[in-house]
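The values are calculated or read from the model by the stated rules, or taken from the named source; none is laboratory data. What you see is a predicted model; the values in this text were computed from it and never measured. FYI the Cβ positions are ideal-geometry reconstructions off the backbone, even for glycines, and counts take in every protein chain you see.
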Amino acid sequence: MHLDASLQVAASVALGERRGAVVAIDPRSGGILAMASEPGYDPNLFVTGMDSAFYNELANSPRKPLFNRATNGRYAPGSTFKPVVALAALAAGVTDWERTIVDNGVFRLPNSTREFRDWSWTAGDAGGQGVVNLHRAIYRSSNVYFYELGSRLPVDALPRFAAQFGYGRDLSIDVADAADGLLPDQAWKMGARGERWYPGDNVNLSIGQGDLLATPLQLATVAAIIANRGRVVRPRLLLHSDANLPEFEAGEEPAEVAGVGPADWQRMVDAMEAVVHRGNQGFRQNGTAWAYIGQDIGYRMAGKSGTAQVVGIAQGEEYDEEELDEFSRKHAWFTAFAPVDDHQIALCVLVEIGGRRSSVAGPVAREVMDHYLLARLASLSSPATALAVEPGTASES
């Protein structure tokens with residue numbers, strides 16, 4: 001199997017007592033390196049036997065230890081969806097990297113009084129990110145920029161584009177019972193609710209909210225596809241099959257993501273790299289994850305934070321996250337890949353009721369990345385490794 005036992009343990013340790021999941025993938029092969037869901041349980045109990053009282057305790061626990069959040073937990077992806085939205089808009093020709101808007105913290109559709117707010121908005125302080133281009137909209141995670149972008153995209157253009165990344169379907173080859181998630185469009189809404197698709201649906205979808213749902217496995221796959229600059233890999237557990245294993249048919253790899261050129265892929269990677277590494281730039285100028293994981297990192301990581309809102313908020317309303325009951329707080333996401341120019345691992349971290357995105361899920365991602373990469377990178381740069389290079393294989397200077 002592709003699973004790395006040491007990394008699997010590290011992922012569970014990094015989550016600690018939090019409810020959530022970590023999925024790590026080798027972007028080059030699609031091999032699943034780790035797939036942790038917490039809280040968990042000792043699977044040996046199902047072999048050695050347990051009494052019905054203990055099983056009922058597991059089954060009825062509000063922490064749901066029997067539920068595999070990594071493959072079956074469906075959550076709004078929040079701002080982790082923004083890179084896909086940006087690439088869809090570039091492919092559709094409705095924006096470019098230089099186009100700017102003024103983000104004052106609030107977006108309104110034409111002829112509408114409904115307000116769509118930026119995450120930085122507070123009553124009495126308009127918030128917002130100021131003058132924003134696409135690069136800054138990614139590393140600052142400007143909701144207003146993406147609201148405006150979503151309003152410019154043709155209806156169903158975004159769902160059609162996002163489907164190429166595996167949203168709304170299970171791309172995995174051999175992960176049993178992995179959930180499809182939900183990728184809403186006009187046809188789905190009419191069939192499920194008997195309602196037409198409104199402009200506000202496009203706006204909500206553009207920041208990964210509304211009816212959009214994805215699993216941690218799906219978001220790790222998206223990170224791998226971006227790391228590959230559009231080459232789609234299908235997640236898999238098995239390395240290969242033989243006569244002693246059930247038939248394992250990988251099938252053909254899906255085509256590369258259509259409509260995005262090499263230059264746009266590279267600029268997206270650069271923007272996601274700034275999420276982690278852009279710092280010391282002043283108020284509302286740093287990458288959203290830099291303060292939490294980017295200041296002393298020993299390799300280059302590209303990432304995107306996200307928050308999945310659990311409860312609705314009325315226009316103009318403020319609330320204190322700490323005053324909400326535990327199960328009404330936001331979920332925190334972080335997706336990433338590293339090293340940027342030699343991607344060896346792509347991952348997704350979900351922390352249920354984690355609140356602020358980068359401050360909670362980001363350090364978990366950093367801990368897992370460090371465990372997997374630091375020893376490998378150190379061995380590649382050690383004198384012993386350099387001496388082991390065969391004659392004629394070293395690059396010329």
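Before moving on, here are some points about what is shown:
- Residue in the range 200-214 that is at pLDDT 95 or above and under 21 Å from MET35 (Cβ atoms) present: yes
- If only residues of the range 215-252 that are in contact with an Asp or Glu (Cβ under 6 Å, 6 or more places away or on another chain) and modelled with pLDDT of 95 or more are counted, the one that is surrounded by the most Cβ atoms within 10 Å (Cβ to Cβ) is GLY230.
- Across the range 291-304, the number of residues qualifying as among the small types (Gly, Ala, Ser) and in a loop (DSSP other than H, G, I, E, B) comes to 1.
- Candidates ASP156, ASP170, ASP174, filtered to the one that is farther than 30 Å from GLY279 by Cα, touching a Leu at 6+ places or on another chain (Cβ under 8 Å) and acidic (Asp, Glu): ASP174
- Every condition in (1) modelled with pLDDT under 90; (2) in contact with a strand residue (DSSP E or B) (Cβ under 7 Å, 6 or more places away or on another chain) holds for TYR75 except the one numbered (1).
- Across the range 140-152, the qualifying residues are those that are out of contact with any Phe, Trp or Tyr (no Cβ under 7 Å at 6 or more places or on another chain) and part of a helix (DSSP H, G or I), and the one among them that is surrounded by the most Cβ atoms within 10 Å (Cβ to Cβ) is TYR145.
- The single residue among SER141, SER172 that is small (Gly, Ala, Ser) and closer than 23 Å to ASN280 by Cα turns out to be SER141.
- Within the range 363-391, the residues that satisfy the criterion of being modelled with pLDDT under 95 and either buried (at least 18 other Cβ atoms within 10 Å of the Cβ) or polar (S, T, N, Q) (or both) are SER379, SER381, SER382, THR385.
- Failed item, numbered, when VAL102 is tested on (1) without any contact (Cβ under 8 Å) to a residue 60 or more places away in the chain; (2) outside any strand (DSSP E or B); (3) not basic (Lys, Arg): (2)
- Residues in the range 18-44 that are at pLDDT 90 or above and part of a loop (DSSP other than H, G, I, E, B) were compared, and the one that is nearest to ALA375 (Cα to Cα) is ASP26.
- Residues of the range 153-199 that turn out to be at pLDDT 95 or above, buried (at least 18 other Cβ atoms within 10 Å of the Cβ), touching a strand residue (DSSP E or B) at 6+ places or on another chain (Cβ under 8 Å) and of a type outside the set (Ser, Thr, Tyr), as a count: 2
- ILE225 vs. criteria closer than 18 Å to GLY303 by Cα, in contact with a helix residue (DSSP H, G or I) (Cβ under 6 Å, 6 or more places away or on another chain) and either part of a loop (DSSP other than H, G, I, E, B) or of a type in the set (Asp, Glu) (or both): no
- Of the residues THR288, THR307, the single one that is in contact with a strand residue (DSSP E or B) (Cβ under 7 Å, 6 or more places away or on another chain) and either part of a loop (DSSP other than H, G, I, E, B) or modelled with pLDDT of 95 or more (or both) is THR288.
- Qualifying residue in the range 1-11 (condition: at pLDDT 95 or above and closer than 23 Å to THR307 by Cβ): yes
- Among the residues of the range 174-195, those that are assigned to a loop (DSSP other than H, G, I, E, B) and over 24 Å from the mean Cα position of the chain (by Cα) comprise GLY194, GLU195.
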